[in-house]
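Some notes on the structure that comes next.
The values are calculated or read from the model by the stated rules, or taken from the named source; none is laboratory data. The shown structure was predicted, so the numbers you read here are calculated from the model rather than taken from an experiment. For neighbour counting, all protein chains shown are included, and Cβ atoms are generated from backbone atoms with ideal geometry for every residue, glycine included. For accessibility, only protein heavy atoms count, side chains too; no ligands or nucleic acids. Shrake-Rupley method; radii C 1.70, N 1.55, O 1.52, S 1.80 Å.
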Amino acid sequence: MSFWKTIWTLAVGVKDLLVLLFLLLLFGAIWAGFNMGSGLTKVPDESALVLTLDGVLVDEPAEPAPLDFLTGGNAVPEIDAFLLVRAIDRAAKDDRIRMIVLDMNGFAGGGLANLEAVGDALLRFRKSGKRVESWATAYADDGYFLAAHADHIVMSPLGAVLIAGPGGNGLYFKDALDRLKVTVEVFRVGTYKSFIEPFTRNESSPEARAADQALADELWLSWREGVEKQRPALNVRALAESWPARVAGANRTQAELALDAGLVDTLSGGADFRAALVARVGAGENEDLPGDFNGIHWRDYLAAKGPDLHSGPAVGIVHVAGNIVDGEAPAGLAAGGTSVAMLIEEAIADSDVQAIVLRVDSGGGSVTASEVIREALLEAKKRRIPVVASLGPVAASGGYWVATGADVIFAQPSTITGSIGVFGIIPTFERTLESVGVHADGVATTALSGQPDIVSGLNAPARALLQGSVQDIYTRFLSLVADARNMPVAEVAPIAEGRVWSGRQALKLKLIDQHGDLHAAIAEAARRAGIKGEPRVVTVRAGLPLLAQLMRDLEGQVRASAGSPDALGRQMLASRARAVAQVQAAVALADGPAVQVRCLICAAHAPVRQQAGVQELGAMLATLAR
């Protein structure tokens, strides 16, 4: 009886889920039809473009998951950096837009390279003679970097400015693995290929620590320069070092201290800030609603122009975002070698696409998947289609491997790149099994029969074979870089060995050709293709199913929050999420291919794309132990 009751409960649950999905599709279709029938969104005259940055700034937003939408999920809302910059640049030339309002209250950060691109767009907007105002309850590093590019920074009297700078601790699992009696077999080439260290050490090696510190110092320098160029009266390093003592020794609020230090220009609550905007740009459609000013959200502003239905010569953007994996993978979450190659082939087949920009935001992953992507780029070049690589916040290891297929490489000074090294890692469990009374035995016809054997351990011939494979791929990596950069291998070797470099250093080392953001790379691609004037730009991506399209549209209407608006709370959430991300990376590494081109330190500087609580961290640690 209980069996049939369980079956009935399961059937009812499936029926309810299908009904929910049907209703979602129905209401989505009605909403879409209403929007089509009501015409395009109208841009008010003399209005403010409202950049409500609730979420994390990313290169390629992940495909929306219907179940996450229904259950609430735990993904941080994502902001497409390219579309945001496009909205700002269009508004600079639009007489209907008078100013920009930066609402930073829910901003969860982003890679520094993308922050620089948005900051540069804000400066172009200001150079057109228009004003930018920023408001938040509190500012942390990433939010303050963007706010510094505004004419006027406003903060709540209850808020604070918390400048922490790059850095933080990683997780090391050696003792835990020893207690579980797991043997970790490591094969590596390169002094600085530190991805394996969390499995073999309890702390960073001196070589890895020195390289990591040098990278953090470079990013800190870029951040300070970006802020101090816009607010030259600030000495950011001195403020950051003296701030705890200032707070402890003052009988004043942190907001007042920030005002005195010149970090912000005005202290004002949200209601007063909106009232001041009403006085500047006029009231909105609902005049009876306090603080409803004459403004339009940036997503609505882009939608007001409607989709680009024109044909003709175009530059196609293909994204490589996230961990590079074999086969196919959902956009934004990982870069499937097959998926990305198919997009490149689609761009090649499109007669309108005259040039390709490969936008890379990845710390690497599978060697074979990286090579599949590079080979697809070579096919484009055989068809005389210019290929330009644009390196985003992170383009290291496998992310740099794919970039070697381009004609020219652009990066921001703060881009994390290089990491030209290879490693292999295989966990074996012979000691774990023996500890619970499980033993393995069998027969072999050669020394490699059954190898690599995770239940009995690796033998000497298998270890030699794996180390040889790693060495072969490293040699291949060096030759790819040498050929792509027109450098002798002997010149590449000293700057390889898994060492991670900033974009500023990479230019000096000839690993990239030029500093510039995605828009600079698009302009260069258009020039090489002979496209005159401002090029038409198309993002080459796989078509979304109808349900996913509705989710993306509805996601834009539901202004979700990315977390706590106070500075310390935001830092705590980010720290917790980074810890979860490190455990996820460890699990992915153990589940991945035997030989990989991946960058560990890159994960520490990537934006947080998922909210995480203590329960999630505990669950991830339990998964790793399993």
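Quick one: which helices (runs of 4 or more DSSP H) lie wholly within the range 204-314 and hold at least 3 residues that are farther than 30 Å from Lys532 by Cα, hydrophobic (A, V, I, L, M, F, W, C) and touching a residue at least 24 places away in the same chain (Cβ under 8 Å)?
Details: elements: 206-230, 236-249, 254-261, 270-281, 298-305.
So the answer is 206-230, 236-249, 254-261, 270-281.
Sub-7 Å Cβ pairs linking a first residue in the range 469-497 that is under 20 Å from Ala395 (Cβ atoms) and free of Cβ contacts under 8 Å to residues at least 12 places away in the same chain to a second residue that is open to solvent by 40 Å² or more (accessible area, probe 1.4 Å) and assigned to a helix (DSSP H, G or I), at least 6 apart or interchain, are Ser479/Val489; Ala482/Val489, ordered by first then second residue. The set of residues in the range 145-195 that are more than 30 Å from Met99 (Cα to Cα) and of a type in the set (Val, Ile, Thr) comprises Val182, Thr183, Val184, Val186, Val189, Thr191.
Yes/no per residue for (1) part of a helix (DSSP H, G or I); (2) surrounded by fewer than 21 Cβ atoms within 10 Å (Cβ to Cβ); (3) of a type in the set (D, E, K, R):
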site	(1), (2), (3)
Val402	yes, no, no
Gly405	no, no, no
Thr417	no, no, no
Leu433	yes, yes, no
Asp441	no, yes, yes
Ala447	no, yes, no
Arg463	yes, yes, yes
Val470	yes, no, no
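Scanning the range 377-388 for residues that are in a helix (DSSP H, G or I) and open to solvent by 10 Å² or more (accessible area, probe 1.4 Å) turns up Leu378, Glu379, Lys381, Lys382.
Only one of the numbered conditions (1) assigned to a helix (DSSP H, G or I); (2) of a type in the set (A, V, I, L, M, F, W, C); (3) touching a residue at least 40 places away in the same chain (Cβ under 8 Å) is not met by Leu458, and that is (1). Step by step: first the residues of the range 481-540, then only those that are of a type in the set (S, T, N, Q) and not in a helix (DSSP H, G or I), then the one that is least open to solvent (accessible area, probe 1.4 Å). Which residue is that? Among them, the one singled out is Ser502.
Table: residues versus (1) modelled with pLDDT of 60 or more; (2) more than 31 Å from the chain's Cα centre (by Cα).
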site: Leu20; (1), (2): no, yes
site: Asp45; (1), (2): yes, yes
site: Pro64; (1), (2): yes, no
site: Phe82; (1), (2): yes, no
site: Ile100; (1), (2): yes, no
site: Gly110; (1), (2): yes, no
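Only residues that are among the hydrophobic types (A, V, I, L, M, F, W, C) and over 34 Å from the mean Cα position of the chain (by Cα) were counted in the range 246-281, giving 7. Residue check: Leu391 meets all listed conditions (1) buried (at least 17 other Cβ atoms within 10 Å of the Cβ); (2) over 18 Å from Ala81 (Cβ atoms) but one, namely (2).
Checking the condition surrounded by 21 or more Cβ atoms within 10 Å (Cβ to Cβ), over 22 Å from the mean Cα position of the chain (by Cα), among the hydrophobic types (A, V, I, L, M, F, W, C) and closer than 30 Å to Thr52 by Cα, which residue from Val315, Val360 passes?
Numbers: Val360 fails: over 22 Å from the mean Cα position of the chain (by Cα).
Going through Val315, Val360 in turn, the sole match is Val315.
Taken over the range 449-460, the residue count meeting the criterion of being more than 23 Å from Gly421 (Cα to Cα) and either open to solvent by 50 Å² or more (accessible area, probe 1.4 Å) or aromatic (Phe, Trp, Tyr) (or both) is 5.
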